[in-house]
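Structure, as structure tokens:
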Amino acid sequence: MNGHPIRVLVGKVGLDGHDRGAKVVAQAFRDAGMEVIYTGLRQTPEQIVEAALQEDVQVIGISILSGAHMQLLPLVVDLLRKQEGEDILVVAGGVIPKDDIPYLKEAGIAEVFTPGAPIKDIIEFLQCRFAQN
Amino acid sequence: MQPREKLSELSGHKKSWQKKVRAVLEKYPERKEFKLDSGYKVEGVYTPLDLPEWDYSDKLGFPGEFPYTRGVQPTMYRGRLWTMRQYAGFGTAEETNRRYRYLLEQGQTGLSVAFDLPTQIGYDSDHPLARGEIGKVGVAIDTLEDMEILMNEIPLDQVSTSMTINAPAAVLMAMYMAVAEKQGVPFTKIRGTIQNDILKEYVARGTYIFPPRESMRLIVDIFAYAGKNIPSWNTISISGYHIREAGSTAVQELAFTLSNAIAYVEAAMEAGLNVDQFAPRLSFFFNAHVNFFEEVAKFRAARRIWARIMKNRFGAKKARSMTLRFHTQTAGCSLTAQQPEVNIMRVAFQALSAVLGGTQSLHTNSMDEALALPSEHAALLALRTQQVVGYEIGVTDTVDPLGGSYYVEALTDQVEQEVMGYIKQIDELGGAVAAIEQGFMQREIQESAYRYQREVESGERVVIGVNRFASGDELPIDLLKVDPAVGERQIERLKKVRLRRDQGKVAEVLQELRRGAQSKENLMPYIFKAVKAYASLGEICGVLREIFGEYKQQVVF
């Protein structure tokens, strides 16, 4: 971990107002020693990417429960690539059917955490990724 | 209720019993510390000693009588069961209309419309922010034409319809009235509810548009207009459901909902409405969560607290103004994606708590809701679950069968006391609107949500299939998939309506609405006129956005 805390942007993409998961995860990240920025509701992929670049984060964690994940999540990765932000890891969480996950991973989402996923698994996932790099 | 000497005798008996308990505990300690969702300790047994000054007439009375603890009607379910009302909507108006007619054929007794997010936030389907969202979490409604299709062949004088719509509630209510007019149903015959509860949107649900003050004006306009024109319509459904889903405790759910309700009553009275004119049409919406007895106590306490607030604080005279009538939905957040069939059992117990708590209508969640919108099969099982509760198991045979249980009465008293403490605190902050502006409710909910999650992660709170009794091999179940082409079809229809309607007329009604919004006049007549000219939801809300501005969320975490 070489002493630098992981910097994460937790964001809500799409129009749904379910922010319980996003906020609980953000708080758990902070308690695990990460630096956390939370965007609030109704962010567009453009706004998320702009905030991530501005805040110089290593990870974007997107929460989405509206069913618009197939359209909106790949957009985030595309926009990052276009703006030389492809080093930023994108993970997602929410009500996302299993069948949709392969497509999302192919589109560049590093991992998808679905309902019931323990937060410690998410934290371990990030810690592993950034310990290796 | 017990004479003093009897109680002191009992107290002596309890002491000797506790000695025995201590001896047992030395050999066989209890499994864990027992507490409610709200965090309070649960005793091993409850007796009259837990209800020392308890007076039957003061605390309970008879069903249909003040303070309505036992129920809002004298005969409750012996007369008529609750309305079985399954929240549904997806895709286009045609698809949703088909689901409604299916549910009605299967014995459902009322409709409950789920709108998609662009509709809930006042955007037309062709707005850039609607991309990917059209028809996803509910049905897309852009113009009156969509509402006409949604209610096609459904007689509006025979079903009651609940619409989960808040910031643009006035527009959707106006569309419903316009459909009734076209069906030849008089306004006095239409029955239903709009959620119209903006305060909890700022706190927990997120589909706000306008700032609080302007939103409160719209709500009061609806109260006044509906009172005169559609007397059987419930003008608001003050909702704890989403506050609970966002992570609050049972006590917080009730306290914040009732504080919001107080704010609506005060706003309407300040606008010059008589309390007994609008209060009879206020309705409520609560969550039926996992702790069975705590939930029953919550529902009972809700009625008692509200009756006393309306009578003592607001001077209501009509009985109907004092009765808290409510819809219940089982707890979506308690459903698990793992072993989804187990959710059927969770929903059944939660539904039972709502019925024992005296609900007026009920939505039972489908087992697949942690994964997707309900499939037809899952929605049918959920409806059958309530039918079993209503028709088979005898819990509806007598009113408030848990009344008088030492535990339930002690819990009811405790919930009441804790809720009153919160209401006092919120009053001191300047009322619900101020408390929300200061982020008070949001912070309280956030803390409870985080504590809940930590309890799940530590295993202290057992969730079957998640942190206990997990089984690796999951049975696949068929999920509903919304056709991705729905969005294009909906945008196409909107385009056609825009081409067909009288453009000059639309410009005129929108200009009138604009002038109305700048004045202090009641906006409902303008909105009604606009929807009848086929002005779209996005156009109407666009005019109001222009005049009222938009709410900027305060991020509290």
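The values are calculated or read from the model by the stated rules, or taken from the named source; none is laboratory data. Remember, predicted model here, so these are calculated numbers, not experimental data. Note: ideal-geometry Cβ built from the backbone for every residue, glycine included; neighbour counts use all protein chains shown.
Laid out as a table, the results:
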quantity	calculated
Residues satisfying the stated conditions in region B:359-391, i.e. touching a residue at least 40 places away in the same chain (Cβ under 8 Å) and touching a helix residue (DSSP H, G or I) at 6+ places or on another chain (Cβ under 6 Å)	B:362, B:364, B:367, B:368, B:385, B:386, B:389
Residue within region B:123-143 that is within 14 Å of chain A (Cβ to nearest Cβ), more than 21 Å from the chain's Cα centre (by Cα) and among the basic types (Lys, Arg) present	yes
Matching option when the condition is within 11 Å of chain B (Cβ to nearest Cβ) and in contact with a strand residue (DSSP E or B) (Cβ under 9 Å, 6 or more places away or on another chain), among A:65, A:89	A:65
Given (1) touching a residue at least 24 places away in the same chain (Cβ under 8 Å); (2) not in a helix (DSSP H, G or I), number of the condition residue B:62 does not satisfy	(1)
Qualifying residue in region B:210-230 (condition: within 14 Å of chain A (Cβ to nearest Cβ) and either more than 12 Å from the chain's Cα centre (by Cα) or not in a helix (DSSP H, G or I) (or both))	no
The one condition in (1) touching a residue at least 40 places away in the same chain (Cβ under 8 Å); (2) more than 8 Å from chain B (Cβ to nearest Cβ) that residue A:72 fails to fulfil	(2)
Some residue of region A:55-70 being within 29 Å of residue B:464 (Cβ to Cβ) and either assigned to a helix (DSSP H, G or I) or among the charged types (D, E, K, R) (or both)	yes
Answer from B:379, B:432 - the residue that is crowded, with 19+ Cβ neighbours inside 10 Å, modelled with pLDDT under 95 and not β-branched (Val, Ile, Thr)	B:379
Region B:144-164, residues that are buried (at least 19 other Cβ atoms within 10 Å of the Cβ) and either over 23 Å from residue B:528 (Cα atoms) or away from every other protein chain (no Cβ under 14 Å) (or both)	B:144, B:145, B:146, B:147, B:150, B:151, B:156, B:159, B:160, B:161, B:162, B:163
Restricting region B:171-209 to residues that are assigned to a loop (DSSP other than H, G, I, E, B) and more than 22 Å from the chain's Cα centre (by Cα), the residue that is nearest to the other protein chains (Cβ to nearest Cβ)	B:185
Selection count where residues are surrounded by fewer than 23 Cβ atoms within 10 Å (Cβ to Cβ) and at pLDDT 95 or above, scope region B:357-376	1
Qualifying positions in region A:116-133 - surrounded by 19 or more Cβ atoms within 10 Å (Cβ to Cβ) and either farther than 17 Å from residue B:466 by Cα or free of Cβ contacts under 8 Å to residues at least 24 places away in the same chain (or both)	A:126
Matching entry among B:512, B:521, B:508 (being over 26 Å from residue B:96 (Cβ atoms), at pLDDT 95 or above and assigned to a loop (DSSP other than H, G, I, E, B))	B:521
Selection count where residues are away from every other protein chain (no Cβ under 13 Å) and among the aromatic types (Phe, Trp, Tyr), scope region A:1-49	0
Residue satisfying condition, being within 25 Å of residue B:175 (Cα to Cα) and away from chain A (no Cβ under 14 Å), within set B:262, B:238	B:238
Leading residue by the ranking (surrounded by the most Cβ atoms within 10 Å (Cβ to Cβ)) among those in region B:41-77 that are of a type in the set (S, T, N, Q) and over 23 Å from residue B:355 (Cβ atoms)	B:47
Search result, residues across region A:72-99 that are buried (at least 18 other Cβ atoms within 10 Å of the Cβ) and in a helix (DSSP H, G or I)	A:72, A:73, A:74, A:75, A:76, A:77, A:79, A:80
Test: residue in region B:123-137 that is part of a loop (DSSP other than H, G, I, E, B), out of contact with any His (no Cβ under 6 Å at 6 or more places or on another chain) and among the aliphatic types (A, V, I, L, M)	yes
Options A:46, A:35; residue that is out of contact with any Leu (no Cβ under 8 Å at 6 or more places or on another chain) and surrounded by fewer than 19 Cβ atoms within 10 Å (Cβ to Cβ)	A:35
Residue within region B:486-503 that is within 13 Å of chain A (Cβ to nearest Cβ), buried (at least 16 other Cβ atoms within 10 Å of the Cβ) and part of a helix (DSSP H, G or I) present	yes
Criterion violated by residue B:118 - all others in (1) assigned to a helix (DSSP H, G or I); (2) modelled with pLDDT under 95; (3) within 10 Å of chain A (Cβ to nearest Cβ) satisfied	(2)
First in region B:333-354 and away from chain A (no Cβ under 11 Å) and in contact (Cβ under 8 Å) with a residue 12 or more places away in the chain, second anywhere and β-branched (Val, Ile, Thr) and in a helix (DSSP H, G or I), Cβ under 7 Å, 6 or more apart	B:344/B:385; B:347/B:385; B:348/B:385; B:351/B:385; B:351/B:389; B:352/B:389; B:353/B:296
Residues of region B:443-485 satisfying the condition of being out of contact with any Ser or Thr (no Cβ under 9 Å at 6 or more places or on another chain), within 11 Å of another protein chain (Cβ to nearest Cβ) and at pLDDT below 90	B:474, B:476, B:481, B:482, B:484
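To keep it simple, each residue is scored yes or no on (1) touching a residue at least 12 places away in the same chain (Cβ under 8 Å); (2) closer than 25 Å to residue B:292 by Cβ; (3) of a type in the set (A, V, I, L, M).
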| position | (1), (2), (3) |
| --- | --- |
| B:4 | no, no, no |
| B:11 | yes, no, no |
| B:15 | no, no, no |
| B:18 | no, no, no |
| B:23 | no, no, yes |
| B:31 | no, yes, no |
| B:36 | yes, yes, yes |
| B:41 | no, yes, no |
| B:47 | yes, yes, no |
